[in-house]
Amino acid sequence: MRPLTRLLLRRSIRPTPLRVSPVQIACFHATPTSRYASEKSGLTQRLRQKIWGGNAPGPEDPYTTAEETKQVEEVDMAGYVAAEDGRGLPIIGLPEKLGEWALDTYSPSEKVVDTEALHRALHRAVVETVVLQVNGRELDSSFGYYTPKDAETLTDNVELSVQEDGSVQIAFPQPEAEEAILSSLQEVIPETPAEDETVTTEEVAASDIAPTDAATAEAEPVETAPEATPVSLGPPPAYLENPTHLSIPLPSSSFTFALYKRILQLTGHQIPDGVLTRARTVGDLVPSLIAPPKPKKLSEELEPLLADLPNVRLFEKKRVGLDKETELGRARKVDPKETYRYKGIDPDTGFIGERPYSGKVNDNFY
Amino acid sequence: MPVKVLPAVSKAQNGVGAFVLQCKRLEFNYCDAAGSSRGMKCSDRLFLKHCLPQFAKQNPAIEMHVAPRPSKHPIIRGVYINGREKVICVRNLEHNQVLKKAELLRNSSGLQLRKLRNPVQSINDSVRGIFSPFHGPKHAL
């Protein structure tokens, strides 16, 4: 087809400029006889202009323009020894004090299994999360890696309840309890072992002689909140019999996640994401922590009723053919250990074994 | 000579002299989880809990076995003295219906179910003899 005819056809079928797609433009201008071939701006520039309207990101010509070469600082490689493993190398991305390879896990290594202990931990987590929220603390950054998780808590006698209007009421046994709980949640970052290694022998001797002075010197600038008397785990608390804390609603995802973090830290139990997103109250999280007791079998219920009947026999397990044959005396349950005793393999005769009942030696079982 | 008595051995008929119960054992199998075992084991009206003790006391000659059979429908298996067994599936039945099935098995013998073509069953010879075309009055057309 002649170029002019081709051009006229394209012009006749070309849609309005507003509806022209960049792909169509590329097709129109692919031929060397297109009217845009004589323009100085390249295809890339025109496409960018059409697509972005003048505010195109990135370099104008990513294919031909060379990037500015960065000046590489020359490093003195004298004395460099390549590391064989990662021990000793700096760690990037963790807080300062966590730059150690020997890390404790966020959650305890052993999960809490006792039901009462789980309820106590759940109540404690709920109280601490509610106290943080009431005091306007950030829930996202709460319950960090070094938040204390001691057994003795100040939350045992704190009562949580939901009012008729849906608001949560929290009652502290003592006025100082709230401040004490808040101060107990502050992270206690331990000293790094690298600082201790740099201590010389003279300093070690001096510190051994007067350890109290160093301890008091470090403790003076730290302000401590008034300590409330920690409650020991004596008689079971009231919330075990009347668990009002389970009906507390979960107002936001940050509250739920903070609560889950604390539960994980105290108990080691993980809660699936589906349960977390679907939970509306604290009680919805309980089945993931405490498994319900196994349902009773019918044989356990029938045993006292049928024990006196001489013609009734009750079995706890399924009866298989071997059980019936054994009752008749036609079959005998054979202990696999009693079938034979392996004594080795003789290259000439083959398998060497002994049947305990017959006492035969070199009994070939093949 | 005096008439000799034909020697005849008495024909045994169960129930004439002595009665021997044909059913020697009833096995009740249920599933702890399945819903079809509800009539056998469910809470208010348990067959196994309420009906079976009384049924066992009424039938001391029959051995009763109660055993779970997981993931299966509940059944009652009757074992008879001729060595045969009869099994009735009692899935989705109520406790009174299960009891009726148990009584049905108790009342049965181990004989195979067959169609009774003749309503009269007797071990005695027929009084008038078996039909013969060669005997009897001659027919006249």
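The values are calculated or read from the model by the stated rules, or taken from the named source; none is laboratory data. Since the structure is predicted, the reported quantities are computational estimates derived from the model, not experimental observations. Please note: Cβ atoms are built from the backbone with ideal geometry, for glycine as well, and neighbour counts cover all protein chains shown. For the accessible areas, the whole protein counts, side chains as well, though only heavy atoms, and no ligand, DNA or RNA atoms are used. Shrake-Rupley method; radii C 1.70, N 1.55, O 1.52, S 1.80 Å.
Taking the criterion of being over 28 Å from B:Ala102 (Cβ atoms) and either under 16 Å from the mean Cα position of the chain (by Cα) or open to solvent by less than 100 Å² (accessible area, probe 1.4 Å) (or both), the only residue of the stretch B:5-16 that qualifies is B:Ala8. Can you find even one residue in the stretch B:73-95 that is among the charged types (D, E, K, R) and surrounded by fewer than 15 Cβ atoms within 10 Å (Cβ to Cβ)? The answer is yes, given that some residue of the stretch B:73-95 is among the charged types (D, E, K, R) and surrounded by fewer than 15 Cβ atoms within 10 Å (Cβ to Cβ).
Quick check, is B:Glu103 under 17 Å from the mean Cα position of the chain (by Cα) and within 12 Å of another protein chain (Cβ to nearest Cβ)? Judged against the criteria, B:Glu103 is not a match.
Could you identify the single residue in A:Asp284, A:Asp273, A:Asp323 that is among the charged types (D, E, K, R) and within 14 Å of another protein chain (Cβ to nearest Cβ)? Selected residue: A:Asp323, the only one of A:Asp284, A:Asp273, A:Asp323 that is among the charged types (D, E, K, R) and within 14 Å of another protein chain (Cβ to nearest Cβ). Please go through the stretch A:298-320 and give me each residue that is within 8 Å of chain B (Cβ to nearest Cβ) and more than 48 Å from the chain's Cα centre (by Cα), ordered by number. Of everything in the stretch A:298-320, those that are within 8 Å of chain B (Cβ to nearest Cβ) and more than 48 Å from the chain's Cα centre (by Cα) turn out to be A:Leu305, A:Leu306, A:Leu309, A:Pro310, A:Asn311, A:Val312, A:Arg313. Scanning the stretch A:247-276 for residues that are part of a helix (DSSP H, G or I) and free of Cβ contacts under 8 Å to residues at least 60 places away in the same chain yields A:Ser253, A:Thr256, A:Tyr260, A:Asp273, A:Gly274, A:Val275, A:Leu276. Return yes or no: is B:Arg38 of a type in the set (Lys, Arg) and away from chain A (no Cβ under 11 Å)? Answer is yes for this residue.
Going by the structure shown, is A:Glu110 open to solvent by 100 Å² or more (accessible area, probe 1.4 Å), more than 30 Å from A:Gly144 (Cβ to Cβ) and modelled with pLDDT of 75 or more? Judged against the criteria, A:Glu110 is not a match. Total residues in the stretch A:307-360 satisfying the condition of being of a type in the set (A, V, I, L, M, F, W, C) and at pLDDT 90 or above: the figure is 6. For the stretch B:76-93, check the following and say yes or no: at least one residue is modelled with pLDDT of 95 or more, touching a helix residue (DSSP H, G or I) at 6+ places or on another chain (Cβ under 9 Å), part of a loop (DSSP other than H, G, I, E, B) and within 14 Å of chain A (Cβ to nearest Cβ). Looking for residues that are modelled with pLDDT of 95 or more, touching a helix residue (DSSP H, G or I) at 6+ places or on another chain (Cβ under 9 Å), part of a loop (DSSP other than H, G, I, E, B) and within 14 Å of chain A (Cβ to nearest Cβ), one finds none in the stretch B:76-93, hence no.
Quick check, is A:Pro295 loosely packed, with under 12 Cβ neighbours inside 10 Å and facing another protein chain (nearest Cβ under 8 Å)? Yes; evaluated as a whole, the condition is true for this residue.
For the stretch B:94-141, the set of residues classified as of a type in the set (Gly, Ala, Ser), touching a residue at least 12 places away in the same chain (Cβ under 8 Å) and part of a loop (DSSP other than H, G, I, E, B) consists of B:Ser108, B:Ser109, B:Gly110, listed by residue number.
Screening A:Val162, A:Val188 for residues that are touching a helix residue (DSSP H, G or I) at 6+ places or on another chain (Cβ under 8 Å) and open to solvent by 40 Å² or more (accessible area, probe 1.4 Å) leaves exactly one candidate, A:Val162.
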